[in-house]
1. Mind telling me which of 21, 38, 102 comes out most flexible in a GNM of the chain, alpha-carbon contacts under 10 Å?
2. The stretch 79-105 to the stretch 119-153: how many Å between their Cα centroids?
3. Taking only Cα atoms of the stretch 40-152, what ratio of Rg to Rh do you get with Rh as the Kirkwood inverse-distance radius?
4. Can you tell me which of 107, 129, 117 moves the most in a GNM of the chain? Springs connect C-alpha atoms under 10 Å apart.
5. Given points 7 Å out from each Cα along the Cα-Cβ axis, report the residue 102 to residue 55 separation in nanometres with one decimal.
6. Ignoring everything except DSSP H segments at least 4 long, calculate the 222 nm mean residue ellipticity for the chain; use -39,500 (n - 2.57) per segment, divide by total residues, nearest 500.
7. To the nearest 10 degrees, how steeply does helix 4-22 sit against the main Cα axis of the chain, on a 0 to 90 scale?
8. Find how many whole Å separate the alpha carbon centroid of the stretch 1-37 from the alpha carbon centroid of the stretch 49-69.
């Protein structure tokens, strides 16, 4: 069992390592991007990467406080589902109006990697190999499809 400080240090070390590994990769638009804290530029739409004790996940999270508007964003993503899956090269799980860890209603489009732990250094290559192509694919998708979302916000 790790102390709070050790847990924080390990998480920070992983995300720093991931950031250093992916930093040389430019965005789809050719600019530098903070991959570990990706900014979509649309309020309430986030690309989230999470690594825990038993698994990892990457998601598009729609966190608009108005459930109706959140659903509109979700439906907009559904209209672009084929393009999203073409960029990702895989099918993700779609979840409308779920609860996040803080009890807030969010909608998510996500995939996960079970059986890995951020607390095992030997899992870090698998985690990096999981996150890197997916966040890059999300960026490529977003560079083409963000404009209708900007109009909705």
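Throughout, read-outs are computed from the coordinates displayed, never taken from laboratory work. All figures in this text were calculated on a predicted structure; none of them were measured in a lab. In this analysis, Cβ positions are derived from the backbone assuming ideal geometry, glycine residues included, and neighbour counts consider all displayed protein chains.
1. In the Gaussian network model the winner is 102.
2. That distance is 12 Å.
3. Rounded to two decimals, Rg/Rh equals 0.98.
4. Result: 129 has the largest fluctuation of those listed.
5. Between residue 102 and residue 55, the simple spin-label model gives 2.2 nm.
6. -15000 deg cm²/dmol
7. The two axes meet at around 70 degrees.
8. So the two Cα centres are separated by 17 Å.
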